[in-house]
C-alpha cells in the first residue's frame, strides 16, 4: 500500500569539508606496520578531511550554511534549523541554538539537534518535511555536521582509514508536488555497542578524562548493513507506487567500498545508477548523502523531476531510506 | 490568523523520579555557610530527586515507560520513540536506540534523540504530533529524561538547590479531534552560554577530564524568561481561536518559585489556574511539564476536553508553548 507523500522538496544543498586532507602517507607515518595498499583496496577511500583541533561541527555548519545564503536564500524565510550531529559543541545547550545565533536567523526559528549518525539525514528529512507538511513551517535548514575524527585514535586501523569530517546544509521547502516520500525508518538498538564512543556521556562519566575511544566492530556493522539495507530498500519500494527500475539514481550512505560493492552485488543494481564519492572524501557520517546529492547535481548527473532513492544506515543501529523527486539545481 | 491544529492528542503519561531525595539539610551539610531558609524562600523547592551514580537518563526512562506498558499500552503499537535529553548515555549512539532495545519495541520504531532542555517537551510534542499528522506514524512515545544533578558541583549555590533528576513518558496518538496546537516555538542562541556545560562536547574537548562545571547565570536566565514567556503566551493565543479566559489550566516549566510567581504576576493569571509542583520535586528540566500534567490528572484537576496551555523555556535559549485539548485520564 502506498504511504503518504509530502508536498515538500529539497531546493538546494551546500557543504563544507575541512581543507586539511589525510591520505595513505599520513596513516603510514603514524603506523609503520600498516599495509596501506591493502587498506585502500578494501575501503576504496584515498582521502579524508580532518577538522582542525579548534574547529567543531558548528564551525563547519556555519561555512556550509553561509554558502547557501550567498546563493540567494533569504535568512528571514528560514522557519526551522534542524542540526543532525553526534559531535555537538556541548551536551548542553543544543548546538542548533548556537547556529541560530551565528547565522543570525530569526528568533522564531524552530531550532534543535537530532542525535543520529549515518542514518540521520533521512530522519532529518522525515522530521523537517513533516514540520512543513503540517504547516508548522514553510522553509527550513537541515544541517548535518560531524567531526568523528576527533574521537578516533590514530592507531585505530578499523576507523581511521574511513571516517572524514564535514558539514552539509539542505534547504527544504513546501512544493506544489508530492515530491517527498515514501519513507522507511527503523532501529535495532541491540547493536548499540557496535559503533560507540564509550566515555562520552553519562554512562561512563566517572571513568575520568575523555579518551579517543571511538569503537566500531567492522564485521558486525557489515552484517547489520547487509541484512538491513536490502530489506529497507524493498520496503520503500513496496510502500511507494514505484519499481526499482523507476529509480533514476541511488544514493547510499558512503560507508566504504566493501559495503557499497556488496550492496550493489546483493541488490543487482546497475553500477552507473549508484552514486559514489567515498573514494575522494571518505565517510562523512550523516553529511555523506547530501554531499553525494550535491556532487551529483554539480556533475549534471541529476535531472529535475528524477525519482531518486536515499538509504542511510549505521550507528544505533539505525536505518532510514526514502524515495524523493529531485527538485534542486541540475 | 489561527494556525493549523493537528488530529493528535496525549493519551497517557507516566513518570519516574529517583528514590534518593535531597533537602535543605543535605545542602547545609556540604555548605555550612549557606542560609537554607533564604534559598528555600527564593526557590520554593524543598525536595530534589537525585539519580544514583550508576543510574542514567535511559535507566529512568525504562522505568517510566514500562509503567505505561503495564497500564495496557501495547508495545507493538508504538511507531516512534523520541527521547528528549541532554544527559545521553553516550554522544553516540543515540540513547533512543538503546531504549528501543531495552523496551523491546519493534524494529520499525522511528527512534532518535532531540537535544533540548526545559523547552524540549513542547518541541517533542510538535515533532511527534507532526509525524502522526502526516501519516508517518499512528502512535508514539515522547520520552523526556535528564540527570542534570550529575553535572552540578555540590557547592554551586545557584543550581544545586533547583535541579532534580527525572523521566517522563508521554503517549501520543492520532485523535478524531484537532486536539493538538497551536504551537509557538523560538530560539535566541545569543544566550547560549547562560546555561551551559562547558567541558562536555567537542568545543572544549582538549581541556582534559570532564568537570561538574554546569553553569547558569541566574539573573540573565530570569531576564530572558520574563521577556520571552509573556510574548510566547500572547503569540500562542493570537495564533489560536482562543482567549486567555478559555484556558482551563496553565502548565509552565517548573523553573522555581521566583520565576513562577513573576510570570503569574506579570501576566495577571489566576493563581488557581497555574499548576505548581516544583516545591515537592524541583526542576526536572524537559520532564517537568509532563510530570505536572500527570500530577494534575492524578489530582483530578484536569477535565477531558479542557483546553490547557503549556510553556517551556530555558537552555538554548529556547522556548516553546502550545494549547492542547486534554485527552488523557481524568
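Derivation of every value follows stated rules applied to the coordinates shown; laboratory data play no part. Just so it is clear, the structure is predicted and the values come from calculations on it, not from any experiment. Positions of Cβ are backbone-derived with ideal geometry, glycine not excepted, and every protein chain shown enters the neighbour counts.
Points to keep in mind about this one:
- For chain B, modelled as a GNM whose springs connect Cα atoms under 10 angstrom apart, the maximal fluctuation among B:253, B:155, B:49 occurs at B:155.
- Looking at the protein assembly as shown, the DSSP beta bridges with both ends there are about 70 percent antiparallel.
- Residue A:279-residue A:77 pseudo-label distance in nm [points 7 Å out on the Cα-to-Cβ vector]: 3.7 nm
- According to the calculation over all Cα-Cα pairs in the stretch B:8-177, the P(r) per 10 Å bin from zero is 10, 36, 29, 16, 7, 1 %.
- Percent antiparallel among DSSP beta bridges (both partners in the stretch A:8-177, rounded to 5): 65 percent
- The mean count of C-beta atoms from other chains within 10 Å of the C-beta of residues in B:82-89, rounded to a whole number, is 5.
- GNM top mover of A:68, A:136, A:105 - chain A, alpha-carbon springs below 10 Å: A:136
- DSSP beta bridges in chain A [antiparallel fraction, %, rounded to 5]: 70 percent
- Using a Förster distance of 35 Å, the FRET efficiency for residue A:258-residue A:190 (Cβ separation, nearest 0.05): 0.95
- Cα-only Debye scattering, the stretch B:270-320: base-10 log of I(q)/I(0) at q = 0.22, 0.27, 0.29, 0.32 Å⁻¹: -0.93, -1.24, -1.32, -1.40
- Averaging the Cα positions of each part gives two centres, and for the stretch B:291-316 and the stretch A:121-179 these lie 33 Å apart.
- For the stretch A:100-186, the extents of the C-alpha atoms along the principal axes are 50, 33, 17 Å, listed from largest to smallest.
- Normalised by 2.2 N^0.38 Å, where N counts its residues, the alpha-carbon radius of gyration of the protein assembly as shown equals 0.92.
- Shielding by other protein chains, B:226-238, mean Cβ within 10 Å: 0
- Relative contact order of chain B: 27 percent, from C-alpha pairs under 8 Å at least 6 residues apart in sequence.
- Computed from the C-beta positions of residue A:211 and residue B:52, the FRET efficiency with R₀ = 25 Å rounds to 0.55.
- Fraction of C-alpha pairs exceeding 13 angstrom in the stretch A:117-163: 65 percent, rounded to a whole number.
- Relative contact order computed over the stretch A:48-128 (Cα-Cα under 8 Å; 6+ residues apart), in percent: 34 percent
- Neighbouring Cβ atoms from other chains, within 10 Å of the Cβ of residues in A:313-320, number 4 on average.
- A crude spin-label estimate for the pair residue B:34 and residue A:238, with each label 7 Å from Cα along the Cβ direction, gives 5.7 nm.
- Cα gyration tensor of the stretch B:11-76 - equivalent ellipsoid semi-axes, whole Å, descending: 34, 14, 7
- Compactness of chain B is given as radius of gyration and Dmax, 18.8, 57 Å, from Cα positions.
- When the P(r) is computed for the stretch B:181-325, the part past 27 Å accounts for 25% of the Cα-Cα pairs.
- Computed [θ] at 222 nm, helices only, for the protein assembly as shown once each DSSP H run of length n ≥ 4 contributes -39500 (n - 2.57): -9000 deg cm²/dmol
- Nitroxide proxy distance, nm - points 7 Å out along Cα→Cβ at residue B:19 and residue B:248: 3.6 nm
- 20 °C / 1.002 mPa s Stokes-Einstein diffusion coefficient of the stretch B:85-132, Kirkwood radius on C-alpha pairs, µm²/s: 184 µm²/s
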